[in-house]
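The values are calculated or read from the model by the stated rules, or taken from the named source; none is laboratory data. The shown structure was predicted, so the numbers you read here are calculated from the model rather than taken from an experiment. So basically every Cβ, Gly included, is an ideal-geometry build from the backbone, and we count neighbours across all protein chains shown.
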Amino acid sequence: MSSFHAFHGADGKTGTTMITQSIAEYIAFNRKELKIMMVSMHGRPGTEYVDRVGESIEGIRLHLDSRLLDTEKLVMGCKKDGNFYMLGGVESIEQIRSYYPEMAAYLLKSLEGSFDLILADTGNDIDNGLAIGALENIGDRYCIITQQESIIKRYESLQPIYDKLKIKFSAHIVNKHIESDLYGLDYIGKRLRLPRENLMKVSASGYERQAESDHRTLLSYKSDDFCRDIRMIANRVLSRAHIAPIDTERKKKWLPFI
């Protein structure tokens, strides 16, 4: 039985893809016995931080529409490196509206049992069919925000929509976190009425632009705070999946999945 986890950004540029892929890579790298899948379920490719992707949702759209997906063939096409698999999203802008929540539900059902963990990057557009389908069918959901006033306001404006869709997040991640910022975790928690225990952070790295240029996640750079925070979220994901956490004492040289 696979364990599903969805990551959704309150707005663009919150770093949803970076966070999702970093967590997937971190778990795959440290737990070789687990089979990890990352799937981009939104209106973009979601492949900014890899050099190549074998298969994409756009490439299997007809199979999703006809409900004739060859899961075994798909899994083989998604293999990235070792125990890490990746399914890209949608490249053609004009085709974005051709994907519906039912297609996302069918895809998730088809993948169930093929992986130990499946992490879905649902982008930031709540009006996207794939994103809605993933969020509706995955119970463990994470909302990614930042310390920017515009992002926080955006989240506040979206809250009624989340409520209407019955989408509740099990945790909120404050990405690109700066400790000295006036918008600290306590302030954000009180303003958005979020339980402090469900409010997590990922420290700013300073290598964001280089990571995009190099097509790698921030795990590849010397940012101890970033890696520590990703480990904490990864262990929370593992805990929710009833899998033992990653030993924090283990020291390994990071080898990027490119």
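Just so you know, in segment 1-19 the residues that are assigned to a loop (DSSP other than H, G, I, E, B) and not charged (D, E, K, R) include one that is farthest from E149 (Cα to Cα), and it is M1. In segment 108-123, of all residues being part of a helix (DSSP H, G or I) and out of contact with any Leu (no Cβ under 6 Å at 6 or more places or on another chain), the one that is nearest to H177 (Cα to Cα) corresponds to L108.
State all residues of segment 207-227 that are assigned to a helix (DSSP H, G or I) and closer than 15 Å to Q21 by Cα; if no residue qualifies, say none. Matches in segment 207-227: E208, A211, E212, D214, L218, L219, S220, F226, C227.
Among the numbered conditions (1) of a type in the set (D, E, K, R); (2) modelled with pLDDT of 95 or more; (3) surrounded by fewer than 18 Cβ atoms within 10 Å (Cβ to Cβ), the only one that E212 does not meet is (2).
Here's a check for you: in segment 89-111, which residue that is at pLDDT below 95 and not hydroxyl-bearing (S, T, Y) is nearest to L74 (Cα to Cα)? Of everything passing the filter in segment 89-111, G89 is nearest to L74 (Cα to Cα).
Of all residues in segment 181-195, at least one satisfies being touching a Lys or Arg at 6+ places or on another chain (Cβ under 7 Å) and on the phi < 0 side of the Ramachandran plot.
Residue-by-condition table, conditions (1) among the β-branched types (V, I, T); (2) assigned to a helix (DSSP H, G or I); (3) in contact (Cβ under 8 Å) with a residue 12 or more places away in the chain:
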position	(1), (2), (3)
V53	yes, no, yes
I60	yes, yes, yes
L69	no, no, yes
L74	no, yes, yes
G77	no, yes, yes
Y85	no, no, yes
R97	no, yes, yes
A104	no, yes, yes
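Of all residues assigned to segment 20-32, none qualifies as being assigned to a loop (DSSP other than H, G, I, E, B), in contact (Cβ under 8 Å) with a residue 24 or more places away in the chain and either closer than 16 Å to A104 by Cβ or in contact with a strand residue (DSSP E or B) (Cβ under 7 Å, 6 or more places away or on another chain) (or both). Of all the criteria given as (1) buried (at least 21 other Cβ atoms within 10 Å of the Cβ); (2) at pLDDT 95 or above, the one not satisfied by H42 is (2). For segment 1-27, the tally of residues that are more than 14 Å from the chain's Cα centre (by Cα) and either of a type in the set (S, T, N, Q) or crowded, with 24+ Cβ neighbours inside 10 Å (or both) stands at 1.
Residues are listed down the side, and each one gets a yes or a no for (1) closer than 30 Å to S157 by Cα; (2) among the hydrophobic types (A, V, I, L, M, F, W, C):
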position: E55; (1), (2): no, no
position: G59; (1), (2): no, no
position: F84; (1), (2): no, yes
position: S92; (1), (2): yes, no
position: S114; (1), (2): no, no
position: L119; (1), (2): yes, yes
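Selection over segment 2-19 of residues that are farther than 16 Å from R240 by Cα and in contact with a strand residue (DSSP E or B) (Cβ under 9 Å, 6 or more places away or on another chain) gives a count of 10.
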